[in-house]
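The values are calculated or read from the model by the stated rules, or taken from the named source; none is laboratory data. Predicted model only: the values in this text are computed from it and were never measured. With ideal geometry, Cβ positions are generated from the backbone for all residues, glycine too; neighbour counts draw on all protein chains shown.
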């Protein structure tokens, strides 16, 4: 009896359910077919800081020239953080570790900053021996190195080292171009350089063959130690070889030792002297004093004495306001602010391209290598994956105590190792 009473109710419920489903289908399908609710965009997670960590020789032979570098790094990052709010709003910080030019210490320092967090993506190096020792580690660990030590061994085969100055080999070739254009023939050149990876960087077949192709006869090659204070013996051999010009691939005390020894032998005025990018820095000019008059070489950047240049004017003003010691009036204080500003732009372009979570050495290199014939306040920069170093420089000379350009900007010959061409 009860079952008979409930049967009409069950039938009525079934009819209502069928009608409901049918109406829902007519209204646009089942709930499963509805568009999903929009999700909020993922929040961009920025690092707490971008770190520039490096191992540098704060003690040892390079110590005196490194102190201005430390101040220059500090000032440059302060300017980036003040003027630009860092990199995409993230502050730029630094940590510099002393290696005393010791490769083992430099490797230990590298392991420390490699393990630091947030990860170090850009570092720098100031010594050719250390650049060569760390080269493979940079490649394996995905760390980009902006190098001030462009020896061919460190740079090629091209990897994660990007040079910020014209290569020693290319600059030597540019100097040979200038000799061929301006000096009476025959041109007899001697090389008097450090017995180190830096000093020997120009003793390549590419450099020797290029000099010969330009009518420059290399009549002598003499080496000396980085702590040697007199090169009279080497200069006597160079004199006997009949050299008109002497070229040194050294920096800091190196060119000064050459000039002082030449003066003691009465060779100044009888021979002419020249050097690489770093030999033409103002610290050499100040240390050598009048002995540097006429000293010639290639230089990748502007100099302190181009007082009509707006950027140089701004650096002279900053130098005076900060009351830096006179000996700090060298290349780092002049050029690092422009260098770090350029790096900031490349880093920020990379962030905008791939996002903070995908910034790595390969993404950064893509934007560094997009730099073509760009004037970055201190000089021109053109980079590519097969030649990660600038091409343009000028020949400069010491005249009346001032380092001044004697040519316009020009492109150096490409004298990288033949195996990398």
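Can you name every residue in segment 95-105 that is under 17 Å from residue 73 (Cβ atoms) and either buried (at least 17 other Cβ atoms within 10 Å of the Cβ) or outside the structural domain of residue 142 (by TED's automatic domain parsing) (or both)?
Within segment 95-105, 96, 98, 99 meet the criteria.
Go over the candidates 297, 289 one by one and state the one that is closer than 27 Å to residue 244 by Cβ, at pLDDT 95 or above and outside any helix (DSSP H, G or I). Let's see the steps before the verdict.
Values: 289 fails: outside any helix (DSSP H, G or I).
The unique qualifying residue is 297.
List the number of the failed condition for residue 350; all other conditions in (1) at pLDDT below 95; (2) over 19 Å from residue 251 (Cα atoms) hold.
The number of the failed condition is (1).
Assess whether residue 305 counts as being outside any helix (DSSP H, G or I), surrounded by fewer than 23 Cβ atoms within 10 Å (Cβ to Cβ) and touching a strand residue (DSSP E or B) at 6+ places or on another chain (Cβ under 7 Å).
Numbers: outside any helix (DSSP H, G or I): yes; surrounded by fewer than 23 Cβ atoms within 10 Å (Cβ to Cβ): yes; touching a strand residue (DSSP E or B) at 6+ places or on another chain (Cβ under 7 Å): yes.
Yes: the conditions hold for residue 305.
Restricting attention to segment 268-285, does a residue exist that is under 27 Å from residue 190 (Cβ atoms), assigned to a strand (DSSP E or B) and either without any contact (Cβ under 8 Å) to a residue 12 or more places away in the chain or out of contact with any strand residue (DSSP E or B) (no Cβ under 8 Å at 6 or more places or on another chain) (or both)? It would help to see each step written out before you state the result.
Quick first cut of segment 268-285, residues under 27 Å from residue 190 (Cβ atoms) only: 268-285.
Remaining after also requiring assigned to a strand (DSSP E or B): 268, 271-275.
Keeping just the survivors that are either without any contact (Cβ under 8 Å) to a residue 12 or more places away in the chain or out of contact with any strand residue (DSSP E or B) (no Cβ under 8 Å at 6 or more places or on another chain) (or both) gives 268.
Scanning segment 268-285 turns up at least one residue that is under 27 Å from residue 190 (Cβ atoms), assigned to a strand (DSSP E or B) and either without any contact (Cβ under 8 Å) to a residue 12 or more places away in the chain or out of contact with any strand residue (DSSP E or B) (no Cβ under 8 Å at 6 or more places or on another chain) (or both).
When you go through 256, 231, 302 one by one, which is the residue that is under 17 Å from residue 198 (Cα atoms), touching a helix residue (DSSP H, G or I) at 6+ places or on another chain (Cβ under 7 Å) and modelled with pLDDT of 95 or more?
256
Being at pLDDT 95 or above, surrounded by fewer than 22 Cβ atoms within 10 Å (Cβ to Cβ), on the phi < 0 side of the Ramachandran plot and in contact with a strand residue (DSSP E or B) (Cβ under 6 Å, 6 or more places away or on another chain) is the requirement here; does residue 375 meet it? Steps first, please.
Details: at pLDDT 95 or above: yes; surrounded by fewer than 22 Cβ atoms within 10 Å (Cβ to Cβ): yes; on the phi < 0 side of the Ramachandran plot: yes; in contact with a strand residue (DSSP E or B) (Cβ under 6 Å, 6 or more places away or on another chain): no.
Answer is no for this residue.
Scan segment 387-407 residue by residue and report those that are in contact with a strand residue (DSSP E or B) (Cβ under 7 Å, 6 or more places away or on another chain), surrounded by fewer than 20 Cβ atoms within 10 Å (Cβ to Cβ) and not in a strand (DSSP E or B).
Within segment 387-407, 406, 407 meet the criteria.
Can you pull out the residues in segment 250-260 that are touching a strand residue (DSSP E or B) at 6+ places or on another chain (Cβ under 9 Å) and either part of a helix (DSSP H, G or I) or without any contact (Cβ under 8 Å) to a residue 60 or more places away in the chain (or both)? Spell out how you get there, then give the answer.
The initial filter retains those residues of segment 250-260 that are touching a strand residue (DSSP E or B) at 6+ places or on another chain (Cβ under 9 Å), namely 250-251, 254-255, 257-259.
Passing the criteria: 250, 254, 255, 257, 258, 259.
Filter segment 333-345 for residues that are more than 23 Å from residue 299 (Cβ to Cβ) and surrounded by 19 or more Cβ atoms within 10 Å (Cβ to Cβ) and give the result.
Pass one, segment 333-345, residues more than 23 Å from residue 299 (Cβ to Cβ): 344-345.
Answer for segment 333-345, where residues must be more than 23 Å from residue 299 (Cβ to Cβ) and surrounded by 19 or more Cβ atoms within 10 Å (Cβ to Cβ): just 344.
Quick one: residue 184 ticks every box in (1) in contact with a strand residue (DSSP E or B) (Cβ under 8 Å, 6 or more places away or on another chain); (2) surrounded by fewer than 19 Cβ atoms within 10 Å (Cβ to Cβ); (3) not in a helix (DSSP H, G or I) except a single one, so which number is it?
Tallying (1) in contact with a strand residue (DSSP E or B) (Cβ under 8 Å, 6 or more places away or on another chain); (2) surrounded by fewer than 19 Cβ atoms within 10 Å (Cβ to Cβ); (3) not in a helix (DSSP H, G or I), residue 184 fails exactly one: (1).
Sort out which residues of segment 158-181 are in contact (Cβ under 8 Å) with a residue 60 or more places away in the chain, over 23 Å from residue 369 (Cβ atoms) and buried (at least 22 other Cβ atoms within 10 Å of the Cβ), and write them in order of number. Spell out how you get there, then give the answer.
Restricting attention to segment 158-181, the residues satisfying the condition of being in contact (Cβ under 8 Å) with a residue 60 or more places away in the chain are 158, 160-175, 177-179.
Those still in the list that are over 23 Å from residue 369 (Cβ atoms) too: 172, 175, 177-179.
Hits for segment 158-181 are 172, 175, 179.
Limited to segment 202-228, what total is found for residues that are part of a helix (DSSP H, G or I) and in contact with a helix residue (DSSP H, G or I) (Cβ under 8 Å, 6 or more places away or on another chain)? Reasoning before the result, please.
First, the residues of segment 202-228 that are part of a helix (DSSP H, G or I): 202, 205-213.
Still in the running and in contact with a helix residue (DSSP H, G or I) (Cβ under 8 Å, 6 or more places away or on another chain): 202, 205-207, 210-211.
Residues meeting the conditions: 6.
Filter segment 187-196 for residues that are assigned to a strand (DSSP E or B) and under 31 Å from the mean Cα position of the chain (by Cα); which is surrounded by the fewest Cβ atoms within 10 Å (Cβ to Cβ)?
Pass one, segment 187-196, residues assigned to a strand (DSSP E or B): 187-194.
Filter once more, so that each one left must be under 31 Å from the mean Cα position of the chain (by Cα): 189-194.
On the way: 189: 24, 190: 26, 191: 25, 192: 29, 193: 28, 194: 22.
Looking at the filtered set, the residue picked out is 194.
Please determine, by comparing only the residues of segment 278-288 that are buried (at least 24 other Cβ atoms within 10 Å of the Cβ) and farther than 10 Å from residue 331 by Cα, which one is farthest from the chain's Cα centre (by Cα).
Filtering segment 278-288 for residues that are buried (at least 24 other Cβ atoms within 10 Å of the Cβ) and farther than 10 Å from residue 331 by Cα, the one farthest from the chain's Cα centre (by Cα) comes out as 285.
Which of the residues that make up segment 339-360 are more than 16 Å from residue 89 (Cβ to Cβ) and either touching a helix residue (DSSP H, G or I) at 6+ places or on another chain (Cβ under 8 Å) or assigned to a loop (DSSP other than H, G, I, E, B) (or both)?
Once the filter is applied, which keeps residues that are more than 16 Å from residue 89 (Cβ to Cβ) and either touching a helix residue (DSSP H, G or I) at 6+ places or on another chain (Cβ under 8 Å) or assigned to a loop (DSSP other than H, G, I, E, B) (or both), segment 339-360 yields 339, 340, 341, 346, 353, 354, 360.
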